[in-house]
Amino acid sequence: MPETVTPDAVETTVRDALVQFCPEAEDIKLESTFEELDVDSLDLAELSQIIEDEYGVKLKGEDVVKAVPARRAGKPEEVAAAVRFLASDAAGYVTGSTLFVDGGMSA
């Protein structure tokens, strides 16, 4: 962990991490949103871990939730409802599909 952290160092770390997640590195701009860069919730979790490992700063849930289009964290019962649906007869004709329960991150 560096003794002194500068905004440029943090920006470089985030940019280097985003290059792994984004389809086009040249699309990464300071004013870009996660939605524009197609960064999903798993990418955010990985980015949070990179920031914690590099700088010792643990991002709080409310920091990450700001990037979710639904502007809130998901609830376990929301995931359970999706699983119940997929396991039910009502989903009998659902095949070869992915059901995202991510607050709009993959939209």
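Taking the stated definitions as given, is residue 34 within 30 Å of residue 6 (Cβ to Cβ), of a type outside the set (S, T, N, Q) and either at pLDDT 90 or above or surrounded by 12 or more Cβ atoms within 10 Å (Cβ to Cβ) (or both)? Spelling it out, residue 34 is indeed within 30 Å of residue 6 (Cβ to Cβ), of a type outside the set (S, T, N, Q) and either at pLDDT 90 or above or surrounded by 12 or more Cβ atoms within 10 Å (Cβ to Cβ) (or both). When region 50-90 is filtered for residues that are surrounded by 14 or more Cβ atoms within 10 Å (Cβ to Cβ) and β-branched (Val, Ile, Thr), the ones remaining, listed by number, are 50, 51, 57, 64, 65, 68. Sub-6 Å Cβ pairs linking a first residue in region 1-30 that is touching a residue at least 24 places away in the same chain (Cβ under 8 Å) to a second residue that is among the small types (Gly, Ala, Ser) and not in a helix (DSSP H, G or I), at least 6 apart or interchain, are 1/56, ordered by first then second residue.
Only one of 83, 64 is in contact (Cβ under 8 Å) with a residue 12 or more places away in the chain and out of contact with any Asp or Glu (no Cβ under 9 Å at 6 or more places or on another chain). Can you tell me which? If you could, list the steps in order and put the result at the bottom.
Working: 83 fails: in contact (Cβ under 8 Å) with a residue 12 or more places away in the chain.
Every option except 64 fails the conditions.
Which residue out of 92, 61, 56 is farther than 30 Å from residue 9 by Cβ and small (Gly, Ala, Ser)? Lay out the reasoning, then the answer.
Details: 61 fails: farther than 30 Å from residue 9 by Cβ; 56 fails: farther than 30 Å from residue 9 by Cβ.
Result: 92 is the single residue among 92, 61, 56 that is farther than 30 Å from residue 9 by Cβ and small (Gly, Ala, Ser).
Pick from region 16-27 the residues that are surrounded by 15 or more Cβ atoms within 10 Å (Cβ to Cβ) and modelled with pLDDT of 85 or more: which of them is farthest from residue 5 (Cα to Cα)? Talk me through it step by step, then tell me what you get.
Let us first name the residues in region 16-27 that are surrounded by 15 or more Cβ atoms within 10 Å (Cβ to Cβ), namely 17-18, 21-22.
Those left that are additionally modelled with pLDDT of 85 or more: 17-18.
Details: 17: 17, 18: 19 Å.
The residue in question is 18.
Scanning region 13-68 for residues that are assigned to a loop (DSSP other than H, G, I, E, B), of a type in the set (Asp, Glu) and closer than 18 Å to residue 104 by Cα turns up 38, 40.
Just one of 99, 86 is more than 12 Å from the chain's Cα centre (by Cα), among the aliphatic types (A, V, I, L, M) and assigned to a loop (DSSP other than H, G, I, E, B); which is it? Give the derivation first.
On the way: 86 fails: assigned to a loop (DSSP other than H, G, I, E, B).
Exactly one of 99, 86 is more than 12 Å from the chain's Cα centre (by Cα), among the aliphatic types (A, V, I, L, M) and assigned to a loop (DSSP other than H, G, I, E, B), namely 99.
So how many residues does region 51-90 have that are of a type in the set (A, V, I, L, M) and at pLDDT 90 or above? Of the residues in that region, 8 qualify. Among the residues making up region 69-83, those that are assigned to a loop (DSSP other than H, G, I, E, B) and within 18 Å of residue 40 (Cβ to Cβ) are 69, 70, 71, 72, 73, 74.
Among the residues of region 37-61, those that are in contact (Cβ under 8 Å) with a residue 24 or more places away in the chain, of a type in the set (A, V, I, L, M) and farther than 19 Å from residue 7 by Cβ comprise 39, 44. Summed over region 91-100, the residues that are at pLDDT 90 or above and either under 17 Å from residue 77 (Cβ atoms) or surrounded by 12 or more Cβ atoms within 10 Å (Cβ to Cβ) (or both) give a count of 2.
The values are calculated or read from the model by the stated rules, or taken from the named source; none is laboratory data. Note that this is a predicted model, so its numbers are computed, not measured. Cβ sites come from the backbone with ideal geometry, for glycine too, and all protein chains shown count toward neighbours.
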